[in-house]
Amino acid sequence: MNASNDNTAAKRLRRWWLTPPRPGLQRLINPIEYRHLRAFGVTHIAGGSIAAAAGLICLSYGAYGWAAFFLVIAALNLAGGSWYITIARSAPARTWA
């Protein structure tokens, strides 16, 4: 009755986070995003492009603080999206069993 349960929430979350298995820094990617890397990479690049456009508009109006904010967000989104697409491109092709 008072036996410890090995199936704790922390272990389930850790097991969910590590599926599918992936090496090194790729473990930082959310598993749902990892399963659809190309789609999320394109989404990040599109969002980065929109943020860059917003940053350029703010820059043209002289709102330098907002421009810096949007341009930093754009750079991070573009870098993340290109990283996702690079990982997706280098992954081996899936085989149907």
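The values are calculated or read from the model by the stated rules, or taken from the named source; none is laboratory data. Remember, it's a predicted structure, so these values are computed and weren't measured experimentally. Ideal geometry is used to build each Cβ from the backbone, glycine not excepted, and the neighbour counts take in all protein chains shown. Areas reflect the complete protein model, heavy atoms only, side chains present, ligands, DNA and RNA absent. Shrake-Rupley method; radii C 1.70, N 1.55, O 1.52, S 1.80 Å.
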Residue pairs meeting the criteria (Cβ under 7 Å; at least 6 apart or on separate chains; first of a type in the set (D, E, K, R), in segment 49-71; second open to solvent by 50 Å² or more (accessible area, probe 1.4 Å)): none
Conditions (1) over 16 Å from the mean Cα position of the chain (by Cα); (2) surrounded by fewer than 17 Cβ atoms within 10 Å (Cβ to Cβ); (3) modelled with pLDDT of 70 or more; number of the one not met by residue 2: (3)
